[in-house]
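The values are calculated or read from the model by the stated rules, or taken from the named source; none is laboratory data. Bear in mind that the values here come from a model prediction, so they are computed numbers and not experimental data. Note: ideal-geometry Cβ built from the backbone for every residue, glycine included; neighbour counts use all protein chains shown.
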Amino acid sequence: MFYHDKKLQYTVKVDKPNPQFARALQQAIGGIEGEIRVCLQYLFQAWNARGPVRYRDMLLNTGTEEMAHIEMLATAVCLNLQGAHSSVIESIVGDDPLMEKIIGGGDPRHFLSGGMGALAADANGVPFNGSWVVSSGNIASDMFANVMAESTGRTLATRLYEMTDDAGMKDMLAFLIARDTMHQQQWLAVLEELGHGDIRGVLPIPNSFPQSQEHQEFSYAFVDTNIDPDSRSAGQNRRWTQGPSIDGKSEFREIKAQPVGDEPMLAPPIPEGHAQTEQIEQAGQKS
C-alpha cells in the first residue's frame, strides 16, 4: 500500500520558463539514467525480495522516495513550459516548416501530446523502456546495478545543473544530486555488509555457486585478443593483469587468446523451414 502527500519533497521553483530546459529535464524523468528507472528498479527489487526483511524495507523506502523525485521533475517541466503556451501555438501555425524550430529546440510533444505537461519519455521523446529495470533476485548483483544507476543518474543531474542559470532549477538539482550521493552510499553499505565488512567479500556473484565447478584456469586470466604479437605489456602497471585478484582468492594473469573449440558445423536446414535449395544441397561442405 502506498500513501501520498500533496506537498513536494523539496521546493521546485522556476524563475524564468524555458521550454528547451523542460525538454532536457525529460531525460531525468524517462531516460535510462532517470528517476522512473530507479523508482521501478528499487520497487521491483523490494517486491521480489527474499531474505532479510531489512533489505526489502530499505528498497521500499528508497523506491517510494524516487516517486517523489519524478513528481518534482514533472512539476519542473510544467513550470518551465508555463507561459510558453501562446508562443508555441503561434510557432505551430506559422510558416516555418521545420518542427525543430517550433519551440526553439523544445519538444513539440509537450504541447501536442502533453498539453504543456511532462511525459514518460526521455529528452528525445522516446518512451520509457521497462527493460532497463534490473531485479535479479540476487541482492549483491542488484546492489551493484543500483550503484551504477545512481552513478549515471547523478552524472546526468550534474550536467543538467551546468546547463541552466535558473537559480530555482539549480537549487532543485542540488537537492537531487545530494540524494544521489546518499543512495550510492547506501547500496555500497549493503554490499559491505554482505561482504562482512569488505565489499570484496561478496565476489564472485553469485557466491552460492561452487567455484570448484567452474574452469578455474580461466577464472582470473585477462584474455588479450589483440592480434599484435607484442601487445602484451608485461611489467606495465595494469591492475587487472597482475597481482592478487580483487576477491583475494587468486592472482591475476594475462594470456593470449587461443581457440580451444572446433569450427562450428550445424545440421542441414529442415525442409519445413524452406531455406534455399543450394543451402540444403551444400550443407556440411567446408566452402
Next item on the list: Looking only at the stretch 22-37, count how many residues are closer than 21 Å to Thr64 by Cβ and in contact with a His (Cβ under 8 Å, 6 or more places away or on another chain).
Entry: 1
Next item on the list: Report, by residue number, each residue of the stretch 1-46 that is assigned to a loop (DSSP other than H, G, I, E, B) and hydrophobic (A, V, I, L, M, F, W, C).
Entry: Met1, Phe2, Leu8, Val12, Val14, Ile32
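Please note which helices (runs of 4 or more DSSP H) are completely contained in the stretch 98-203 and include at least 3 residues that are within 18 Å of Cys39 (Cα to Cα) and within 17 Å of the chain's Cα centre (by Cα).
Numbers: elements: 109-112, 139-163, 167-194.
Passing ranges, in order: 139-163, 167-194.
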Checklist line | Flag for Met116 being assigned by TED's automatic domain parsing to the domain that holds Leu40, surrounded by 14 or more Cβ atoms within 10 Å (Cβ to Cβ), modelled with pLDDT of 90 or more and farther than 30 Å from Gln186 by Cα | finding: yes
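This table checks each residue for (1) in the same structural domain as His69 (by TED's automatic domain parsing); (2) modelled with pLDDT under 95; (3) under 25 Å from Gln45 (Cα atoms).
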{"site": "Ile92", "(1), (2), (3)": "yes, yes, no"}
{"site": "Asn129", "(1), (2), (3)": "yes, no, yes"}
{"site": "Thr152", "(1), (2), (3)": "yes, no, yes"}
{"site": "Thr158", "(1), (2), (3)": "yes, no, no"}
{"site": "Thr181", "(1), (2), (3)": "yes, no, yes"}
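Those residues that are farther than 21 Å from Thr152 by Cβ and part of a helix (DSSP H, G or I), I need them from the stretch 47-63; list them, please. Walk me through it before giving the result.
Kept after step one, since they are farther than 21 Å from Thr152 by Cβ, are these residues of the stretch 47-63: 47-57, 60-61.
Correct list: Trp47, Val53, Arg54, Tyr55, Arg56, Asp57, Leu60, Asn61.
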Next item on the list: Say whether the condition of being at pLDDT 90 or above, under 21 Å from Met172 (Cβ atoms) and touching a helix residue (DSSP H, G or I) at 6+ places or on another chain (Cβ under 7 Å) is met by at least one residue in the stretch 47-60.
Entry: no
Check: How do the pairs read when you match residues in the stretch 184-202 that are assigned by TED's automatic domain parsing to the domain that holds Asn61 and under 14 Å from Ala145 (Cβ atoms) with residues anywhere that are crowded, with 16+ Cβ neighbours inside 10 Å and of a type in the set (Asp, Glu), using Cβ under 6 Å and keeping only pairs 6 or more apart or on different chains?
Finding: Gln184/Glu150
